Amino acid sequence: MKNTINQIAEVAGYLWQKGWAERNGGNITVNITDCIDTSLKNAAPMSPAIAIGKTLPALHGQFFYAKGTGKRMRDLARLPMENGSIIRITDDCAHYEIIAEKPVMPTSELPSHLEIQNYLIETGGKYRATLHTHPIELVAMSHSPRFLDSATITHTLWSMIPETLAFAPLGLGVVPYALPGSLQLADATLDEIKKHDVVLWEKHGVFAVGENIIEAFDQVDVLNKAAVIYMTAQNMGFAPEGMTDEAIADIQRVFHLPTHR
Ligand code: 13P
Ligand code: ZN
């Protein structure tokens, strides 16, 4: 568990350094059920049972680390257990209780995190981490209707540099603007996460999944790097040419990249 918490703190520091985590911006949730010890498993709750807003059956018996609402990534980087908490899903799969280390209320985006964590368990993969952050250039692109189409923005980003395609092979999904923290945002995110590891929230940020929080961060990082290259070329006064479709197809073939989940 120490290793998982250290990774979360490490990524929180990167998010702050990149300028993606102004004030309390962004949140992290990691499924820690596999590494929770017996004393913590049976710990008395520090909070009443709090409604998730949905019943999520695959979350039965699961434990998560979640960033606290209103908490800053730059503080979490130093003190992860004071700026986040460990929660246990109650037996009805519709509530959670805080069990450690302090009664810090989880992030306002918990509906999205838990709905996607529920899906990740249902589909039986190795993914344990969910990340929401505010990457500047990707959010800027989401202000153009032209890029609010998954195929268009994915092709633009993939064609900027081969590594984007190699390390974000499922591309970028797009979720139309919805109220932060809402179930509507969570439901729309789930639909897109079924096809992509990273989803763009229009005029807000991104939501990403990964085997661990480092992997989730890396996918956002490579996609945002491509957005920076795109914008840098535009700022130099020309539209970037982009790799050809043939070059993109070659990389998909040679590196046996997955094209769907
Ligand atoms: P929290 O402080 O509740 O995690 O909210 C931050 C955020 O980015 C909401 O979208
Ligand atoms: Zn946000």
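No value in this document is a laboratory result; all are computed from the given coordinates. Remember, predicted model here, so these are calculated numbers, not experimental data. Every residue, glycine among them, receives a Cβ derived from its backbone with ideal geometry; neighbour counts consider all protein chains shown.
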Checklist entry - If you place +1 on the Cβ of every Lys and Arg and -1 on the Cβ of every Asp and Glu, how big does the dipole about the Cα centre of the chain come out, in debye to the nearest 20? => result 580
Checklist entry - Most mobile of Val222, Val209, Val30 per a Gaussian network model of the chain (Cα springs, under 10 Å)? => result Val222
Next on the checklist: Could you tell me which residue out of Ser39, Phe238, Leu172 lies farthest along the dipole of the chain toward its positive end? Charges go on the beta carbon: Lys and Arg +1, Asp and Glu -1, centred on the Cα centre.
Outcome noted: Ser39
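Can you give the helix-only mean residue ellipticity at 222 nm for the chain, where every DSSP H stretch with n ≥ 4 adds -39500 (n - 2.57) and the sum goes over all residues, rounded to the nearest 500 deg cm²/dmol? Walk me through the intermediate numbers first.
Working: 10 runs with 102 residues, N = 261.
Here the helix-only value at 222 nm equals -11500 deg cm²/dmol.
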Item to check | Net dipole in debye of the stretch 220-261 [+1 Lys, Arg Cβ; -1 Asp, Glu Cβ; about Cα centre; nearest 20] | outcome: 180
Item to check | the stretch 171-261 shape via C-alpha gyration tensor axes, a/c threshold 1.5 | outcome: oblate
Checklist entry - Counting Lys and Arg as +1 and Asp and Glu as -1, each charge on the Cβ, what is the dipole of the stretch 15-116 about the Cα centre in debye, to the nearest 20? => result 440
Item to check | Alpha-carbon spread of the chain, three principal axes, descending order, Å | outcome: 60, 34, 32
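Please tell me the relative contact order of the chain in percent, rounded to the nearest whole number, where contacts are Cα pairs under 8 Å and at least six residues apart. Spell out each step's value before the answer.
Details: 521 pairs, mean separation 50.9, N = 261.
Dividing the mean separation by the residue count of the chain yields 20 percent.
Order these by the 10 Å Cβ neighbour count, fewest first: Glu202, Glu22. Could you put the intermediate results ahead of the total?
On the way: Glu202 17, Glu22 14.
The fewest-first ordering by Cβ neighbours comes to Glu22, Glu202.
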Checklist entry - Rounded if a/c is under 1.5, else prolate if a/b beats b/c, else oblate: with a ≥ b ≥ c from the C-alpha gyration tensor eigenvalues square-rooted, which is the stretch 181-231? => result oblate
Item to check | Furthest towards positive pole of dipole, Gly25, Thr55, Ile99, structure part the stretch 1-139, Cβ charges | outcome: Gly25
Checklist outcome for this item: When the chain is treated as a Gaussian network with springs between alpha carbons less than 10 Å apart, the largest mean-square fluctuation among Gly205, Gly53, Gly124 is found at Gly124
